[in-house]
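Every read-out reported here was derived from the displayed coordinates using simple, explicitly stated rules and does not represent laboratory data. Computed from a predicted model, the values in this text were never measured in an experiment. Positions of Cβ are generated from backbone atoms using ideal geometry, with glycine treated the same way; all protein chains shown enter the neighbour counts.
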């Protein structure tokens, strides 16, 4: 408390008379000190002090000469004082920037807020004269200090970044942050020479991913420049190799927070193509961005369906992005101009993979397959082949074949779905039994089924009102007392 | 139309006049001049004619008579204001009974006459009466009447008889008799012939009556005899000896003993109960019962119940507008097990057996015989705490018996609660550091019995446990992103579920959620330790047991077994097969089941895995761990073998088993395994390999042609012409009412018109009468005047002459 009072006194003194200007050093000393409490006090006081000075215009505007030169020079005492004070301000900013790397989050936050306040005040009372006369300037240097503070190389600063998000609402701040980030990426990544920096990249991502670009041109004067800066930033970010987790995160937000705001979305083609080629979950996610490019920007993708076909492996029914993937697959396969062999191959592969799928995925994929049959009646030979060869020893379909055209899917039948009619889940069995009969004209609605989770299924089942509960009639003889009990063979009750 | 009026008049005719009118009517009807026949133009078959014959004269005279009695009276009294007042006491008071009324009247009269009217009349006394007539008066006339009537009543023949036999003494006698009997009713004199005929018919009738009476009496006695004979034969068959004895004794003299025997004969006989069944029969019955239950189970397994329960598309008529309007709803209920009572019997028998067998051990331990159902779980636990298994069983048994639902009203709810407590207790036993699985093994019995008694409550509490567990797991996944396999208690609960409920049903309120839960366990939970593997294998066993009868396909099971095999292999790129979620081809937690130690491999013996291993594995040594690993592997091979046997019939069996086969043939280092393990391995592989590959193309079921809807007009058969048809009952009633109203209105107008005519006639006749009277009077006057004039003239002439 005593310290706080002393600091407040000091601020009063400096602001009160120029004679006691030297007391500024006390503050700066505290700011660089070890004690957390003192540093916080000093930071707050500095904010107040230099804020007031900026508003009064007691800091030298224009290019700043070196301190010695300035003091030795022949300017008026007023000018000398201002220049001297400006140097103290510079020192203070440096001290605050240092504080942003401090261990305590409170201090970091305080330093961030103080710096942002300086940025705001400097924009109103510019220290550097604008180049073309009359236009306004933005204190880029200060903002660069802030951005550098926000993107440490060795630690996760997501908390501080989320605190910073409130400033990103302002168009000018956002624009110059984008510029600063672009510069920072170029600078930092050049040094590392293609070695991924997980923390740094993570920080950059958490800073730039929530950027809300304005939607309309009327919102902003230089919308185009803004877009270009945004595009440049992302391209420079994605140019470098990303860790796998970050890769997925970028792909997840690609379609709705990056591509729509780019000036030229086609520039993303390279990135997406590479991602699509990686395989696994990353490919599934890249599909969404690719879809937008194909659909809205006339991207010609050779062997797209072959690639999509090869994406189908047992894990697609188990991954988190199942809903998104099947939503897109449904879109891709909705064209009625697809050849029957291709659709048949997809049907056959999906149903073959369904043999390892959990019930919630099965409840989605069976109507999905039914829809494919409705769209492509030529495929119905898969479920209805009246005069086919009687006793085949092999399924003609070749699962390992990568070319859908070579997979001989049209010669096969959907034995997999017939197998699923014996599935333990009653709803799955019922759904599979639908293919025994001729299908209705109207397509099933998949939207509700895509997001189905196992817990929802369970909950639905448990909440059903039972009319009657059949009971086991075989008299119990003990825990493992049933006839031919498997447990009795392998477990003991010890 | 005239009918209504006629009917009305008929009703209002005073009853006293009915008799003569009837006879007159008969007379009139026979008179062809009185009858008016309404001739029909066409004879229509089936039409009922009511008004084909009318009696216009009769009806007219009746109407006139009625009018003179009512309307004319009113007309004549139209300007008279005098009113007749009935001042008799209580004449119109219905509340007073007639006797009381008479008494009150009598007292009133007496009061009025109180006080002497004539002060000079000294011996004024009450007049004595009999039947309201003064005795004095009766005394005066009595003698004459009595003597007369007496002789006549006794001595004279009846008038009819005399009339019939002696000509009846002519019209005089007849007239006298008729006037004596019927005062005003004038009867036509009957002819002699008629009288005789009447008499003959009467006597004949009497004779016939007597005859029938005799016959019916005869019949009754005959019937009684027959009945007795039947009863007699019964007695004879049941107790031939006593019957014989009866007869011997009966003949000489009926004594008291006979009486009793006879009475016994009429009494209800005690019927012999069905004989005790032999063991063979019992076994047969039991078999039949089980067969029925099995058939039930199969039906449910194929989900036929559900289809039957679904509303069948009802017949759609050609006129159906397909607007979804359905008149009746389907409220058939599901077929249910009818085991409950039988189950109860079994329960009591089985439950009592441990008591009897363990009694000798427990003569020392005496606990009270009456147990209340504990109110809370804590009291329940304290009740069982510290007892041996047998004692616990006895306590549970007694609680059940003392609180049987048939004994008191609230017992059902209490015992239902007991089921929950017991489940909780079992769960607690399973989560102990040293799980008391032997106790649980025994406690399953009372659990089963309770479940048989209260299926709904049991299913609810197990569902509750499942829901809790699933909810916990869901929360874990949300918070941590991964879940762990549950403790031994959940595994035991799942096992108990399979004991209590039929797991082969197509859809079951408890088993289906249990399936879902187990599926989540096998797909969502990370396998990080050896315990997890054992738990997972336990769940695999559960799955296999659940589907062992229904042979349903469980993808998770195959996936998990594949994963288990995968983690028993040394780290390398998997080729030709893919493992899915809980397992990953690369990364952590691989080689969990890998055993490299040669010595351990050789010393391994297949052992049954103790379940308690799930809770404590840490203190076991390395060798033991390796042995457990190998046992797990052996179990896995066995499960694969069982799966192969189970899913043999599935059309894509080979596709399902393909990854497993690839792994077994290409990756598993068979040669390094001990011999026993190789046996397991080969038996599993053999089961996989020697299955025929048979694929027949699918053919979907033929579509039924849908009949076209035709909007043809509705055609209704007309069965009777002339009658108004159609419309609902209400509408018909309304129509009827309208018609009746119309008819009544017409009738009333007609009546009013006739009344007016009648009145006019009356007025006219009055005027005519008055006129004629006046004319007569004028004539008289004129006559007298002319006579006077004549006399006067004659006098004048006389005088003139004279």
### B:629, B:661 arranged by Cβ crowding within 10 Å, fewest neighbours leading
B:661, B:629
### Query
Can you give the calculated 222 nm mean residue ellipticity of chain A, where each DSSP H run of n ≥ 4 adds -39,500 (n - 2.57) and the sum is split over every residue, rounded to the nearest 500 deg cm²/dmol?
-17500 deg cm²/dmol
### Message
If you average the C-alpha positions of the stretch A:101-123 and of the stretch B:420-440 separately, how far apart do those two centres end up, in angstrom?
### Response
60 Å
### Query
Taking every residue in A:377-384, how many Cβ atoms of other protein chains lie within 10 Å of its Cβ, on average?
2
### Message
How would the stretch B:579-625 be classified by its alpha-carbon gyration tensor: rounded, prolate or oblate, with rounded meaning a/c under 1.5 and the a/b versus b/c comparison settling the rest?
### Response
oblate
## Note on the structure
Between residue A:244 and residue A:264, the FRET efficiency computed from the C-beta separation at R0 = 30 Å comes out, to the nearest 0.05, as 0.65
### Message
With 10 angstrom as the radius, rank B:468, B:441, A:395 by how many other C-beta atoms surround their C-beta, starting from the fewest.
### Response
B:468, B:441, A:395
### Relative packing of B:763-770, B:472-479, B:396-403, which averages over residues the other C-beta atoms within 10 Å, highest first
B:396-403, B:472-479, B:763-770
### Euclidean distance between Cα centres, the stretch B:615-671 to the stretch B:543-588, Å
9 Å
## Note on the structure
Expressed in angstrom and rounded, the centroid-to-centroid distance over alpha carbons for the stretch A:396-433 and the stretch A:448-494 is 28 Å
### Message
Quick check: from the Cα gyration tensor, does the stretch A:150-203 come out rounded (a/c under 1.5), prolate or oblate?
### Response
oblate
### Task
Note the full-extension length gain between residue B:716 and residue B:133 as 0.36 nm times their separation in residues minus their Cα-Cα distance, in nm to one decimal.
202.1 nm
### Query
Modelled label-to-label distance, residue B:407 and residue A:445, 7 Å Cα→beta-carbon offset: nm?
5.7 nm
### Task
Mind sorting B:604, A:234, B:792 by how few other Cβ atoms lie within 10 Å of their own Cβ, fewest first?
B:792, B:604, A:234
### Query
Roughly how crowded by other chains is peptide A:448-458, in terms of the mean Cβ count from those chains within 10 Å of each of its Cβ atoms?
4
## Note on the structure
By the Cα gyration tensor axes a ≥ b ≥ c (a/c under 1.5 gives rounded; else a/b larger than b/c gives prolate, otherwise oblate), the shape of the stretch A:290-351 is oblate
### Query
Which FRET efficiency, nearest 0.05, do residue B:86 and residue B:60 yield, Cβ-Cβ r, R0 41 Å?
0.70
### Difference of contour (0.36 nm per residue) and Cα-Cα distance, residue B:456 to residue B:602
47.3 nm
#### Entry: Förster radius 51 Å - calculated FRET efficiency between residue B:797 and residue B:766 (Cβ-Cβ, nearest 0.05)
0.65
### Query
What order do you get for A:261-269, A:473-481, B:66-74 when each peptide is scored by the mean count of other beta carbon atoms within 10 Å, highest first?
A:473-481, A:261-269, B:66-74
